[in-house]
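Undergrad: Quick one: the structure is below, and I'll ask about it shortly.
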Amino acid sequence: MPTSLQSMPRADDGAPVSKTENIVEVRDITKFYGTDVHALEKINLGIPVGQMTTFLGPSGCGKTTLLKIIAGLLEPTSGEILIKGAPVSGPGPERAFVFQDFALLPWATVLRNVAFGLELRHEAKNEREKVARHYIAEVGISGFEQKYPHELSGGMRQRVGLARALAVNAEVLLMDEPFSAVDEQTRRKFQEDLLHLLAVEKKTVIFVTHSIEEAVYLSDQIVLLSPRPGRIHSIIRPEISRDAGPDEIRRDKNYLDHVEEIWQDLRKYLE
Amino acid sequence: MATTIGLSNAEKSEASAFGLSKITLYQLLSILGLFALWEIGGLVPISVAFPTFSETTVALFEMIADGRMIAAYADTLKPLLIGIGISAGFGVTLGVAMGLNRRFQWFWEPIFIVLQAAPVAALIPLITFIYGIGLAAKVVAVIILALPIIVLNSYKAVRNASASLIQMCQSFQGTRLQQIWKVIIPNASPVIFAGLRLGVAAGFIGVILAELLITPTGIGDLITYHRSVAEYAEMYAAVFSVIVFSAITVGSLERAETRFFRPDKKVGR
Amino acid sequence: MILFGRQIPAFFSLLIWGGIWEIVGQLDLVFIFPPLSSVLVALVEVAQRRDFHEAAAVSLKAFSIGMGFAITGGIFIGFLMGRVETADKVLGMWVNIFASAPLSSLVPVLMLLFGLGQLTIIVTVILFSIWIIALDTYAGVRHISPSLEEMGKSFGASRWQLLYKVLFWAALPEILAGVRMGLIRAVKGIVIGQLLVAVVALGRMFQTYSRSFLMEEFWALTLILFVFALGFSSLIGLLEHRVEYYAGTRI
């Protein structure tokens, strides 16, 4: 049975992954756009280190807003974000963002795009290109270093975006619906590759999606958000064994039950 | 959807196999057709002041051969280049500043919108009163026509710089200066360059107008002089050369734009 | 801009520019810049003169006739280019050449062919404005989503119905933008034409004022033209605003 908690930032409720510390703490975050658009209401949340946390919810639930507040790209109206216990304002080197629309520089090659985060830190050209090449290989697009973004498919562009985020060696990866602009086949392949990659890289990932299947398939922790204003509806830990292959997982009863349960939870917001 | 795109691409590649030359052929035919009509119109003649195409071409080559045309173009292009240089330097700087700074924008945008929409050509006769009829007057004429369009394009280019790229730069802790130099300006440069191209076209109008109205020199003088002595073939040759010259200049600027600034629009990679 | 916690509308900066003009004028630095206040006095006076009314009527007539031809012709050429591949390549070349050519150099030729009268002015207006209208219409037609056209066809629309019930409306935002730009260019064209012909209407008044150093009147006339150009273009802008919500992306 899934473990549902009402707005509880605790991660230690008897699950095998207990005793893990929270690398990111979200405290009482409230966000208004202007005076009348109430996007988020008093969000409290802990993101356990080394795990994949997904924000899932219908459109308008403020999931991207919350992610951008954690990234420091948006100012919360009230509340604070703690990284490793210390409050932060604005972006920092411990977090790297993967954008929904990729946000690649169209005038720069794949190599320069991937190295861009390091370029901004004034790292030497040789050094940063060495790092970039490593991550280009790691996301599986070797051989495309000198291509321009417009010469790549959507899926490959997002791999560039991911390599760029990995290259700055941040502990937390923030991914804003990274697969929404690519087709379903590419998306599935990308999800599998992402899981492999994270097993190697040991990052903490916060992932925004509107796909229930994607959330259940990828996550250690799913934060279900309800809309207008965005509130935490429940937190679910799917506890799916990652040892099985992707095809087994997608046929796993536990996986299917979670998908169904979340759908039952979310459908009431559609009526 | 996917199939229609695939189909039209297939159609296109088929057309380029032997159809591209067909298009060029049509274009050449349309040019020849126009020249033929011109020739016939001159033979009729539709007016005493309408020389044939062949007379005009002969006059054109004579004028090039005896150096009159070249001297005239030197006279016309010098103020054009100076004027565009000044407008580009000042206009791009101001436009970029307006795009980056709200106060700048508040102060400068309305006046340039007025100047771009208004028929400022009316002011050209006044220039003489301050700058006489020399080089300076022509330079000023170029600037008043070219500057507003350059400023406004640079401003719009910066204002419309991709919000997501700026956010990307922020998320990697880029400083404001890095954001401007590494993201905003490269992102804006195609539109800024397009503004410069429009500025050249506008400046060309300005310099010709100044030559026709106030300072009888350069290519404008060739037009007025040959009209006054009723050498219509020479006059038409001068006008014809202006149109051709501007078509070539603007065309090659456009090509340079695609080549250097929009690799994504380059065809046939 | 926000000053003392209040939003100051953008056109207020024009008042500052007006103030600068007034000061420069009062200081008598350059004789071609009389104080704005005396220009405004002259404006009221000029606006009441009979020769101005006649000149304005003549110019307005040339303007309307020219614009009529330019709008019809421009939309026609634009649609042709947008719908027929060969027309796109062949006409496109000419339209692009003339859209950016220094057409002021053609006016002397027009004066020879069409005389020193209204006809030359009308042709100038058409020449200045038709190309941009054609280019924008073309952009609009090219923006139309293929599925919209397929929808029309699948519901059995005839070619004509498709054209005036679907395609025209789908391209309307860009067409209006083109007409607005065309208007602005036409006003410039009429001024350039009349300055060069210089014996009719406003052109003659401009010449008289500048020859006799009547700077107040000269600027008054210029201001009237500015206001006319801006007023007309914002009128079209209002129309444009009503269809903006489905306009294609523009730069």
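Undergrad: Counting only other residues whose beta carbon sits under 12 Å from that of C:LEU195, what net charge do I get with K and R as +1, D and E as -1?
TA: Value of the local net charge: +2.
Undergrad: Roughly what would the spin-label model give for A:ASN126 and C:THR86, points 7 Å off Cα along C-beta, in nm?
TA: Calculated label separation equals 6.2 nm.
Undergrad: Now for a different question. Assign one of three labels to region C:119-251, namely rounded, prolate or oblate, based on the Cα gyration tensor with a ≥ b ≥ c the square roots of its eigenvalues; rounded applies when a/c is under 1.5, prolate when it is not and a/b is larger than b/c, and oblate otherwise.
TA: Prolate shape, in that a/c is at least 1.5 and a/b is the bigger ratio.
Undergrad: While we're on this one: Compute the long axis of helix A:125-138 from its Cα atoms, compare it with the longest principal axis of the Cα atoms of chain A, and write down the angle in degrees, 0 to 90, nearest 10.
TA: Roughly 60 degrees between the two axes.
Undergrad: How high is the relative contact order of chain A? Use alpha-carbon pairs under 8 Å, at least six apart in sequence, and give a whole percent.
TA: With pairs under 8 Å counted, the relative contact order is 26 percent.
Undergrad: Taking N as the number of residues in region C:181-232, what is its alpha-carbon radius of gyration divided by 2.2 N^0.38 Å?
TA: Cα Rg divided by the expected 2.2 N^0.38 Å: 1.13.
Undergrad: Another question, then. Counting only other residues whose beta carbon sits under 13 Å from that of A:GLY72, what net charge do I get with K and R as +1, D and E as -1?
TA: In short, -1.
Undergrad: In addition: So how far, in whole Å, is the C-alpha centre of region C:93-164 from the one of region A:72-147?
TA: When both Cα centres are located, 47 Å separates them.
Undergrad: Taking the Cα of C:SER38, stepping 7 Å toward and past its beta carbon, and measuring to each backbone N in region C:197-217: which are under 18 Å?
TA: Residues C:209-217 fall inside that zone.
Undergrad: Cβ neighbours within 10 Å, averaged per peptide: list B:62-68, C:134-140 in order, most packed at the top.
TA: Taking the mean over residues of other Cβ atoms within 10 Å, the ranking is C:134-140, B:62-68.
Undergrad: Restricting to chain A, what percent of DSSP beta bridges are antiparallel, rounded to 5?
TA: The antiparallel fraction comes to roughly 55 percent.
Undergrad: How tilted is helix C:118-143 with respect to the longest principal axis of chain C? Cα atoms for both, answer in degrees (0 to 90, nearest 10).
TA: 40 degrees
Undergrad: With r as the distance between the Cβ atoms of A:PHE32 and A:GLU184 and R0 = 30 Å, compute the FRET efficiency 1/(1 + (r/R0)^6) and round to 0.05.
TA: 0.25
Undergrad: Taking only DSSP H segments of four or more residues, each worth -39500 (n - 2.57), what value at 222 nm results for the protein assembly as shown once the sum is divided by all its residues, to the nearest 500 deg cm²/dmol?
TA: After summing the helix terms and dividing by residue count, I get -21000 deg cm²/dmol.
Undergrad: Determine the shape class of region A:139-181: with a ≥ b ≥ c the square roots of the Cα gyration tensor eigenvalues, call it rounded for a/c under 1.5, and otherwise prolate if a/b is greater than b/c, oblate otherwise.
TA: Here region A:139-181 falls in the oblate category.
Undergrad: May I pose another question? Provide, for q = 0.16, 0.18 Å⁻¹, the log10 of I(q)/I(0) from a solvent-free Debye sum over equal Cα point scatterers in region A:17-176.
TA: Rounded to two decimals, the profile gives -0.95, -1.09.
Undergrad: Within 10 Å of each Cβ of C:48-55, how many other protein chain Cβ atoms are there on average?
TA: Counting other chains' Cβ atoms within 10 Å and averaging over C:48-55 gives 0.
Undergrad: What is the average number of partner chain Cβ atoms found within 10 Å of a Cβ in C:183-195?
TA: For this peptide, the per-residue mean of nearby foreign Cβ atoms is 4.
Undergrad: Please figure out what share of the DSSP beta bridges in the protein assembly as shown is antiparallel and state it in percent, rounded to the nearest 5.
TA: Looking only at bridges with both residues in the protein assembly as shown, the antiparallel portion is about 55 percent.
Undergrad: Suppose every Lys and Arg Cβ carries +1 and every Asp and Glu Cβ carries -1, with no other charges. What dipole size does region B:53-266 come out with about its Cα centre, to the nearest 20 debye?
TA: 1300 debye
Undergrad: Could you calculate the FRET efficiency of B:TYR26 with B:ILE133 from 1/(1 + (r/R0)^6), where r is the beta carbon distance between them and R0 is 51 Å, rounded to 0.05?
TA: 0.65
Undergrad: Average the reciprocal distances over every distinct pair of alpha-carbons in the protein assembly as shown, invert the result, and give the Kirkwood radius in Å.
TA: 30.7 Å
Undergrad: Further, regarding this structure: So what is the relative contact order for region A:77-174, in percent, with contacts set as C-alpha pairs under 8 Å and at least six apart?
TA: 42 percent
Undergrad: What is the Cα centroid distance between region A:155-210 and region C:187-238, reported in whole angstrom?
TA: When both Cα centres are located, 62 Å separates them.
Undergrad: Restricting things to Cα coordinates, could you compute the convex hull volume per residue of region C:1-147 in Å³?
TA: Spelled out: Cα convex hull of region C:1-147, divided by residues, is 215 Å³.
Undergrad: Which three extents, in angstrom, do the Cα atoms of region B:183-269 have along their principal axes, listed largest first?
TA: 56, 29, 11 Å, listed from the longest principal axis down.
Undergrad: Sort the following peptides by mean Cβ neighbour count (other Cβ atoms within 10 Å, averaged over residues), highest first: C:157-167, A:149-159, C:97-107, A:227-237.
TA: Sorting C:157-167, A:149-159, C:97-107, A:227-237 by mean packing, highest first, produces C:97-107, A:227-237, A:149-159, C:157-167.
Undergrad: Which whole number gives the average count of other chain Cβ atoms within 10 Å of the Cβ atoms across peptide A:70-76?
TA: 2
Undergrad: At a Förster radius of 35 Å, what calculated FRET efficiency corresponds to the Cβ-Cβ distance of A:ALA86 and B:THR175, to the nearest 0.05?
TA: Computed FRET efficiency for A:ALA86 and B:THR175 comes out at 0.95.
Undergrad: What pairs from A:LYS31/A:LYS189; A:LYS130/A:LYS202; A:LYS147/B:LYS182; A:LYS63/A:LYS84; A:LYS189/A:LYS253 go past 25 Å between their alpha carbons?
TA: Among A:LYS31/A:LYS189; A:LYS130/A:LYS202; A:LYS147/B:LYS182; A:LYS63/A:LYS84; A:LYS189/A:LYS253, the Cα-Cα distance tops 25 Å for A:LYS31/A:LYS189.
Undergrad: With unit charges on the beta carbon (Lys/Arg positive, Asp/Glu negative), name the residue among B:ALA163, B:THR93, B:SER47 whose Cα is farthest towards the positive pole of the charge dipole of chain B.
TA: Sorting the options by dipole projection puts first B:ALA163.
Undergrad: Between C:TYR245 and B:ALA71, with labels modelled 7 Å along Cα→Cβ, what's the label distance in nm to one decimal, could you check?
TA: The answer from the label model is 6.5 nm.
Undergrad: Another question, if that's okay. May I ask which residue of B:PHE204, B:MET63, B:SER30 lies farthest towards the positive end of the charge dipole of chain B, with charges of +1 (Lys, Arg) and -1 (Asp, Glu) on Cβ and the Cα centre as origin?
TA: B:PHE204
Undergrad: Which shape class, rounded, prolate or oblate, goes with chain B when its Cα gyration tensor gives a ≥ b ≥ c as root eigenvalues, a/c under 1.5 marks rounded, and past that a/b bigger than b/c marks prolate?
TA: Judged from the Cα gyration tensor, chain B comes out oblate (a/c at least 1.5, b/c at or above a/b).
Undergrad: Now a separate question. With an 8 Å cut-off on Cα pairs and a minimum separation of 6 or more residues, tell me the relative contact order of region C:35-248 in percent.
TA: Relative contact order comes out at 29 percent.
Undergrad: Run the simple label-point estimate for B:PHE61 and C:SER154 please: 7 Å along Cα→C-beta, distance reported in nm.
TA: The modelled label-to-label distance comes out at 6.1 nm.
Undergrad: Based on Cβ point charges of +1 for Lys and Arg and -1 for Asp and Glu, what charge dipole magnitude is obtained for region C:35-248 about its Cα centre, in debye rounded to the nearest 20?
TA: Using Cβ point charges on Lys, Arg, Asp and Glu, region C:35-248 gives about 300 debye.
Undergrad: Please give me the summed charge of the neighbours of A:ARG251: other residues whose Cβ is under 13 Å from its Cβ, Lys and Arg +1, Asp and Glu -1.
TA: For residues surrounding A:ARG251, the net value is -3.
We did not get these values from a lab; they are worked out from the coordinates using the rules stated. Keep in mind that what you see is a predicted model, and the values were worked out from it rather than measured. Neighbour counts are summed over all protein chains in view; Cβ atoms, including those assigned to glycine, are modelled from backbone coordinates with ideal geometry.
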